[in-house]
1. Scan the range 203-254 for residues that are assigned to a strand (DSSP E or B) and in contact with a strand residue (DSSP E or B) (Cβ under 9 Å, 6 or more places away or on another chain) and report the count.
2. Condition check: farther than 10 Å from VAL95 by Cα, surrounded by fewer than 23 Cβ atoms within 10 Å (Cβ to Cβ) and modelled with pLDDT of 90 or more. Does LEU8 satisfy that?
3. Within the range 425-448, how many residues are touching an Asp or Glu at 6+ places or on another chain (Cβ under 8 Å) and either in the same structural domain as PHE214 (by TED's automatic domain parsing) or not charged (D, E, K, R) (or both)?
4. For ILE79, which of the numbered conditions (1) surrounded by fewer than 21 Cβ atoms within 10 Å (Cβ to Cβ); (2) touching a strand residue (DSSP E or B) at 6+ places or on another chain (Cβ under 8 Å); (3) of a type outside the set (Lys, Arg) fails to hold?
5. Would you be able to tell me the number of residues in the range 18-31 that are buried (at least 20 other Cβ atoms within 10 Å of the Cβ) and in contact with a Ser or Thr (Cβ under 9 Å, 6 or more places away or on another chain)?
6. Can you name the number of the only condition in (1) among the charged types (D, E, K, R); (2) surrounded by fewer than 16 Cβ atoms within 10 Å (Cβ to Cβ); (3) at pLDDT 85 or above that LYS384 fails?
7. Applying the selection to the range 1-52, what residues are part of a strand (DSSP E or B) and either within 22 Å of SER175 (Cα to Cα) or of a type outside the set (Lys, Arg) (or both)?
8. Surrounded by 15 or more Cβ atoms within 10 Å (Cβ to Cβ), under 21 Å from ILE300 (Cα atoms) and in contact (Cβ under 8 Å) with a residue 60 or more places away in the chain: which single residue out of ALA212, ALA191 fits that description?
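The values are calculated or read from the model by the stated rules, or taken from the named source; none is laboratory data. Model, not experiment: these values are computed from the prediction. Cβ coordinates were reconstructed from backbone atoms using ideal geometry, including for glycine residues, and neighbour counts include every protein chain displayed.
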Amino acid sequence: MSIDSTQLKLLLTEGEGLSVEFKEKYTPKIDRDIVALANARGGVILLGVDDDGHVVGEKLTNRMKAEIIDLARNCEPHIALSGISRIGDVAAIEVPQGREKPYSCSSGYFRRLDAVTQKMTQKEVRTIFRESTDVLFEDLSCPKIVLEDLSLKKVRIFFKELGASVKVSQTNLPSVLASIGVYREKEINNAGALMFANNVGQFIPHCESILAAFKGKDKTYIYDRKDVRDDLLTQLNEAMAFLKKHLNVRSEIHELDRHDIYEIPLDVLREALVNALVHRDYSIRGTNISVNIFDDRVEIVNPGGLPSGLSKENFGKESVRRNLIVADLFHRMDKMERVGSGIGRMRSLMKKAHLKKPVFESDTFFRALFYRNPEYALKAVDDKNDQKTREKTREKTREKILNLIRENPEIATEEMASTLGLSRKGIEWQISKLKESGLLKRVGPDRGGHWEVE
């Protein structure tokens, strides 16, 4: 990126991230940040800026410039900086994405993760060696998509989540997208499509979350389902709403205020959903993220298993990002915990809530299982009473359907589903049972006909 005063203002507003580092003053240790950016997606180091994005000033001298160039040249392999310039009281060092990864400096190998420069382990270095010839799906150019296919509303929502006062318009959209790593050389990458496309399914059909609630402990009886094929932030919000709809909750009064307490801590489920969205392998077509709610547990499943370079032994101790750009965007929105803390935090919160330890399984898919608290259950635990409770619930639902039809014999299935808060398939299943029992009859075609209650 070519830094000018307008671009600088945008970077300061957005804050640090995968491709942006703030430094109050120049020190020779800056070679660590140069190496880290080259090992990631490239980016810019801004000298004379504190961690909060406030300009404190740094004077760029010819001697300093020469030292920075020498530091980059002494990296292994050599790094040719894209540019070093001064914009007002800030010095900008532009680092290109490396083509000969991994790069090292005198202090070792470094990587960029969640706006932090970290020293790499030998295993992480080997992982970069293996992946250096590959281009990750999120960084590939998304075929046929153009700027007009993106939603200004979604981009604005993103910056609102950041708390950044960036006024996004069609005019400055290219520079705004470039600053967050989703637009380069007039092309939008797959990460940009996943986050901001008006119609994500048009370009990445398998970008989808399927949300389902089941009666019992297996997938025999489904009573609610929602398919969400939209941007990743919408998928997160819809999944959280679905979970809140179907989990039991109690209320407690603290200092005159009511607090809703869900049987599984919402922070645990939100962390698991973000992990699924961020670590999913989006190159696997014909798959989706699944959120399944059973009587005894919640399962969140994403395609891809553990990211390359992360072993089962080190799971929960080390952090490896499959999708660096997507992870950076969620981190900027404050939707992710700091590096490597998510799994430990989920375990800690479940323990604090006196729940079973969460279970994490990995093969070609990654599964996170969270067991529900039986004390919250609104039904008896034995199978006979459980079956009676389910049947009573079905009878009440069928009576509600019949009442709706009595009020409006021409009512559509979709309207019934919306009114009762059920899926269309759930309504169709209940109607089939009413027909079998002789309580309901359809007169005429699906369109233009009407119902008759016997």
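1. The total comes to 20.
2. Answer is yes for this residue.
3. 5
4. Single failed check for ILE79: (1).
5. Qualifying residue count, the range 18-31: 4.
6. The single condition LYS384 does not satisfy is (3).
7. Once the filter is applied, which keeps residues that are part of a strand (DSSP E or B) and either within 22 Å of SER175 (Cα to Cα) or of a type outside the set (Lys, Arg) (or both), the range 1-52 yields GLY17, VAL20, GLU21, PHE22, GLY43, VAL44, ILE45, LEU46, LEU47, VAL49.
8. Every option except ALA212 fails the conditions.
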